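A short write-up of the structure that comes next.
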Amino acid sequence: MKLFDVYPVNDIVIAKALGSHVWDDKGTQYLDLYGGHAVISIGHTHPHYVQRLTDQLNKVGFYSNSVKMPLQEELAALLGKVSGKEDYQLFLCNSGAEANENALKLASFYNGRKTVIAFKKSFHGRTSLAVAATDNPKIVAPVNETGNVVFLPWEDEAALEQAFQQYEVSSVIIEGIQGVGGINVASESFLRKIRTLCDTHGAVYIADAVQCGYGRSGKFYSHDFAGVNADIYTMAKGMGNGFPIGAISIAPKFLPVYGMLGTTFGGNHLACAAGLAVLETIVSEQLIANAAAVGEYLITSLRAFAPVKEVRGRGLMIGIELPEELAHVRKALLSKHKIFTGEAKPNVIRLLPSLALTRAHADQFLEAFGTELK
Ligand SMILES: Cc1ncc(COP(=O)(O)O)c(C=O)c1O
């Protein structure tokens, strides 16, 4: 049997990983500023994480949601505290797409409506409604096509107001910082506008924090910069530092009904142990403050490089837009300087490192980047 070939891959086998570094099978060390799609939040093979997962695995790795799991309550309590949403409710699942799928569904159960507002260049996942709300026709199969999603221009308040006049809106889903779309930061006024319109019209504000959440922006949810609460926050990626776990954080006004949401694997013992280890480390190592400080340093330093077209982002979610003639830089960073970065089309380098990235790591990247720009 061979693999279903859907991923263009780098010709590198990663054999070992620690903190912000990975090593290939020949022993070459790489600085990891990508974290495997923004997943590595507290650093690779963090000792506390390894210990907590190992201990849990030696006790019980999995049981389904048919028995009491105190670990889930422990995770909910800590997540409520660290995210500053202690009165919210937690539903655990396994991935970002699944989190968004559940959020969109819950919104529709709540207000009985069908229309979802999403935005140009958005990415919300690859499952049925999540992909329908994703602005990329290439990944939407005919069976996923639905008339229930309306795409609006990014940051266009007039278009948003108009859509609320035209449709019975169930929910508005928005990334606080668009990731796949090229690191576009939603303005505070736009997020506030969404909040006001949702309140006025009985619609649900869904904050997709799958990539921009979990402290990456320098606040727990990047949507928090707007100073208003969303009704549902979706999260995954950094939540498990590599262990597949996703969740939605749900405002108190949503009342649960047995069976309305569900999953076999979501919230299992091992997943909760991973989620707890991540949050405990975020707190004990003050990683959100570190992301804010090192991110600020990187963003300011990058803006000083003349050939760079634009630097966008917040904290350790950074997009560097380069002119076309510098399209080779990302590849050179990997092949010559042994630094992993991400990309967004057409020409944006995406930095999504561990929140524990140090200033020395940032300097190593800035030096390599400067050399390639010359
Ligand atoms: C903003 C956003 N939402 C949802 C997803 C989907 O997450 P997953 O790949 O875990 O299903 C992603 C993945 O890149 C994402 O960036």
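Points to keep in mind about this one:
- The criterion of being touching a Ser or Thr at 6+ places or on another chain (Cβ under 7 Å), of a type in the set (D, E, K, R) and within 22 Å of residue 164 (Cα to Cα) does not hold for residue 105.
- Considering segment 245-260, the residues that are crowded, with 18+ Cβ neighbours inside 10 Å and not small (Gly, Ala, Ser) include one that is nearest to the ligand (Cβ to nearest atom), namely 245.
- Flag for residue 37 being within 16 Å of the ligand (Cβ to nearest atom), outside any loop (DSSP other than H, G, I, E, B) and either surrounded by fewer than 21 Cβ atoms within 10 Å (Cβ to Cβ) or acidic (Asp, Glu) (or both): yes
- Filter pass, residue 370 being closer than 19 Å to residue 32 by Cα, in a strand (DSSP E or B) and either outside the structural domain of residue 217 (by TED's automatic domain parsing) or not aromatic (Phe, Trp, Tyr) (or both): no
- Check on residue 361, buried (at least 16 other Cβ atoms within 10 Å of the Cβ) and more than 25 Å from the chain's Cα centre (by Cα): no
- Wholly enclosed strands (runs of 3 or more DSSP E) of segment 68-156 bearing at least 2 residues assigned by TED's automatic domain parsing to the domain that holds residue 233 and touching a residue at least 40 places away in the same chain (Cβ under 8 Å): 89-93, 115-119
- Candidates 280, 296: the one that is in the same structural domain as residue 29 (by TED's automatic domain parsing) and either of a type in the set (D, E, K, R) or in contact with a Phe, Trp or Tyr (Cβ under 7 Å, 6 or more places away or on another chain) (or both) is 296.
The values are calculated or read from the model by the stated rules, or taken from the named source; none is laboratory data. This structure is a prediction, so every number in the text was calculated from the model and none was measured. We place every Cβ from the backbone using ideal geometry, glycine too, and count neighbours over all the protein chains shown.
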